[in-house]
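I have placed the structure first, in the form of structure tokens, so that the comments after it can refer back to it.
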Amino acid sequence: MHISEGVLSAPVLVTGVALAVAGTSVGLKKMDYEKIPQVAVLSSAFFVASLIHVPVGPSSVHLILNGVNGLLLGWSCFPSILVALALQAILFQFGGITVLGVNTITMALPGVICYYLFGKLINQKRGFISLVAAFACGFVAVLISGILVAISLLFTEESFMSVAKLIVLAHLPVMIIEGTITLFCVAFLKRVKPELLGGIYGNWKEKPIRSGFNL
């Protein structure tokens with residue numbers, strides 16, 4: 001999902017920086033001291049997972065783990081992913097400094113979206129619903145990232161249409177893999193540390209959710 005430097009137009013780059021600054025500001029505001037080690041661990045996981053990548057035109061295909069990142073951190077996944085991307089750009093020249101804002105948005109924003117879409121379902125006591133939602137969280141996060149990369153390319157140059165389609169299609173296997181990883185992560189955390197999955201809905205064991213679902 002790393003977009004290379006020298007590809008995107010100035011308006012797209014400026015928009016990406018503005019949105020990334022806004023998202024990171026919200027993430028830092030919502031991040032308390034107790035959450036810093038968790039943010040650091042997930043930032044490291046993102047950093048390592050996305051080091052192995054396959055170039056696809058002006059972008060690349062690799063694991064992202066933004067579904068897990070967003071699910072466990074919420075808005076704090078913005079600073080988590082931003083730090084990892086900045087280190088990759090400086091140390092390994094993946095992506096770049098000028099596209100740091102756009103790359104942060106394409107990877108962190110889907111995590112936040114899935115945090116709100118699937119957090120409630122993942123906190124259900126019904127194991128099947130919870131695991132299906134976990135798989136969907138990982139799958140949809142990568143799908144939205146692919147769409148955002150495609151949109152960034154299309155707003156730069158309409159001739160990128162074929163490349164944009166290729167990027168989305170190339171990430172289909174990644175979507176399935178990330179969905180499976182997220183499923184296993186949720187299943188493991190529900191056994192050993194379910195409070196990490198509390199998110200905006202609270203700990204499902206201590207604060208049952210009153211909704212249309214039977215708990």
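Every number here is computed from the coordinates shown, using simple stated rules; none is lab data. For clarity, every value in this text was computed on a predicted model and none was experimentally measured. Cβ placement follows ideal geometry from the backbone for every residue including glycine, while neighbour counts extend to all protein chains displayed.
Listed values, structure above:
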| quantity | calculated |
| --- | --- |
| Angle between the chain longest axis and helix 172-192 axis [Cα atoms, degrees, rounded to 10] | 30 |
| FRET efficiency, GLU158 to ALA18 (Cβ-Cβ, R0 22 Å, nearest 0.05) | 0.40 |
| Debye log10 I(q)/I(0) at q = 0.11, 0.13, 0.15 Å⁻¹ for region 10-89, Cα point scatterers | -0.31, -0.42, -0.56 |
| log10 of Debye I(q)/I(0), alpha-carbon scatterers only, for region 115-159 at 0.25 Å⁻¹ | -0.79 |
| Long-range amide H partners of VAL61 with built H, under 5 Å | VAL54, VAL56 |
| Count, lysine Cα pairs under 24 Å in the chain, 8 or more residues apart or across chains | 23 |
| Highest-MSF residue in the chain out of THR182, THR24, THR156 [GNM, Cα springs under 10 Å] | THR156 |
| For the chain, alpha-carbon Rg over 2.2 N^0.38 Å | 1.00 |
| Label-reachable residues, region 86-116, where backbone N falls under 17 Å from a point 7 Å from ALA40's Cα toward its Cβ | 87 |
| Dmax and Rg, reported as Rg then Dmax, of region 82-174 (C-alpha, Å) | 15.5, 48 |
